[in-house]
Amino acid sequence: MKAKPEIYANSRKGGKVCGSLFSESGQSLIELALLTPLLLILVIGIAEMGRFSYFAILVGNAARAGAAWGAQNLPTSADTADIKTAAQNDCQNCGSLSTTGLTVTSSPVCTCDNAGSLNPNPPTAAYCNSATNATAGSCTTGHWVVMVQVTTTGTFKPMFTYPASGLFGFLKIPSLTFSSTATQRVAQ
């Protein structure tokens, strides 16, 4: 007599795979298809953060370069055109990263230094002007200090712009504006 076939003879329980119902041959491909967009977003985000940091460093270095140029002596501390040129020359890679370029402003600022205590603190441009400060150029205690203050501003534009809505609307990265100020004492 012939044995009755078992109910599970063609299923997993019986050790055999039944057609394509329990097949795992395409599972890896589907997992890769689902994870690839997430991995791509992660890689792009890392690249954007690197560019973001690099641009912030460039803007800060440009401010320091302009301040270093202006701190050479009293005439250079008031030479805004050359201070701007020095800052822009230091930030030669800023143009490729920004939409508006680098904006540079500078002014001499003054204070009185009395054993490390500054008055006024922070130093101001108005304190240098004899029209607003009757004692400009002299101090009752301590000594007169002239500094040059340079502010640089640049706008960072991301590599990719994303739509404000849609599936990846949360990825919208706006243009970001960086500003850095450097102050150095002028050699006298």
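Every read-out reported here was derived from the displayed coordinates using simple, explicitly stated rules and does not represent laboratory data. All values derive from a computational prediction rather than experimental measurement. Please note: Cβ atoms are built from the backbone with ideal geometry, for glycine as well, and neighbour counts cover all protein chains shown.
Listing for the model above:
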| quantity | calculated |
| --- | --- |
| Cβ-based exposure ranking for W69, W144, in which fewest neighbours within 10 Å come first | W144, W69 |
| Exposure proxy ranking, count of Cβ atoms within 10 Å, fewest first, for L39, L58 | L39, L58 |
| Euclidean distance of C-alpha centroids, the range 30-61 and the range 118-150, integer Å | 46 Å |
| The range 24-185: equivalent-ellipsoid semi-axes (sqrt of 5 x gyration tensor eigenvalues, Cα, Å) | 49, 15, 13 |
| Among 62-68, 77-83, the order from most to least packed when residues are scored by Cβ within 10 Å on average | 62-68, 77-83 |
| The range 23-69: GluC sites (Glu not before Pro) in DSSP loop, at most 15 other beta carbons within 10 Å | E24 |
